[in-house]
Amino acid sequence: MAWTAITLFFVFGLSFIQIYNLYRGVYWVVFPLLCIPINTFFASVTGRILGKNALNQHLPNKTVEGYIGGIFFTMISCLIVRLFIHIIDIIDY
């Protein structure tokens, strides 16, 4: 009887934890996939508007200002995305 209870616990009780971790795993895949295009877009826009100093002599269209602007706006945008995902997470559970 005890082995049956332990087996049922491992099969059904821990499956909830596995499904919950699967949901969290989707977050860790989707979040970086959202941040990469955001970084590319804002680095391009900031580089075109404010770009004066070339980042590398071999890459004349890449600027220091675009690099810094991309990092700055990506951090802000990803914080907003993170808050939005957190709100959805609270609604779901």
- prompt: Failed condition for L22, given (1) open to solvent by 70 Å² or more (accessible area, probe 1.4 Å); (2) of a type in the set (A, V, I, L, M, F, W, C); (3) in a helix (DSSP H, G or I); (4) at pLDDT 70 or above, with all others met?
  reply: (4)
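When the residues of the stretch 25-48 are narrowed to those that are of a type in the set (F, W, Y) and open to solvent by 80 Å² or more (accessible area, probe 1.4 Å), which ends up modelled with the lowest pLDDT?
Step one: filter the stretch 25-48 for residues of a type in the set (F, W, Y), giving 27-28, 31, 41-42.
When the remaining residues are screened for being open to solvent by 80 Å² or more (accessible area, probe 1.4 Å), the result is 28, 41.
Numbers: W28: 73, F41: 92.
By that ranking, first place goes to W28.
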message: I'm checking my understanding of the structure. Among residues of the stretch 49-89 that are of a type in the set (G, A, S) and without any contact (Cβ under 8 Å) to a residue 24 or more places away in the chain, which one is least open to solvent (accessible area, probe 1.4 Å)?
response: G66
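The values are calculated or read from the model by the stated rules, or taken from the named source; none is laboratory data. Treat the numbers as computed from the prediction; the structure is a model and nothing was measured. Reconstructed Cβ throughout: ideal geometry from the backbone, glycine too, with neighbour counts over all protein chains shown. SASA here: full protein model, heavy atoms, side chains in, ligands and nucleic acids out. Shrake-Rupley method; radii C 1.70, N 1.55, O 1.52, S 1.80 Å.
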